[in-house]
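Only one structure is covered here, and it is reproduced in the block below.
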Amino acid sequence: MIWKLVKDELPEQAKDVLLFDGGQIYFGFYSEIYNKFVVADDKVDLEDFTHWMTLPEFPSK
């Protein structure tokens, strides 16, 4: 897993990711329809975040 710059690359549509705003980490997804990240049912401008990262694999049982 690698942090990716929002200005360089966006995640796949509706794929859950971690988002970083320079101080905190959030859980959300990218919406192509709105061209925004959706975090806790709020549509957030892309510029509000600096980086994103895919989620890690779930642990095995």
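Whenever a residue of the stretch 1-14 is open to solvent by 70 Å² or more (accessible area, probe 1.4 Å), its partners that are in a loop (DSSP other than H, G, I, E, B), lying with C-beta atoms within less than 7 angstrom and at least six residues away or across chains, give the pairs Met1/Pro56; Gln13/Glu32. If you go through the stretch 15-25 and keep only what is open to solvent by 40 Å² or more (accessible area, probe 1.4 Å), closer than 12 Å to Asp48 by Cα and under 8 Å from the mean Cα position of the chain (by Cα), you end up with just Phe20. Scanning the stretch 26-61 for residues that are within 14 Å of Lys7 (Cβ to Cβ) and open to solvent by less than 60 Å² (accessible area, probe 1.4 Å) yields Tyr30, Phe37, Leu46, Phe49, Thr50, His51, Trp52.
The values are calculated or read from the model by the stated rules, or taken from the named source; none is laboratory data. Bear in mind the structure is a predicted one, so any value in this text is a computation, not a measurement. Neighbour counts are summed over all protein chains in view; Cβ atoms, including those assigned to glycine, are modelled from backbone coordinates with ideal geometry. Ligands, DNA and RNA are stripped out before the accessible areas are found, and what is left, the full protein with its side chains, is counted by its heavy atoms. Shrake-Rupley method; radii C 1.70, N 1.55, O 1.52, S 1.80 Å.
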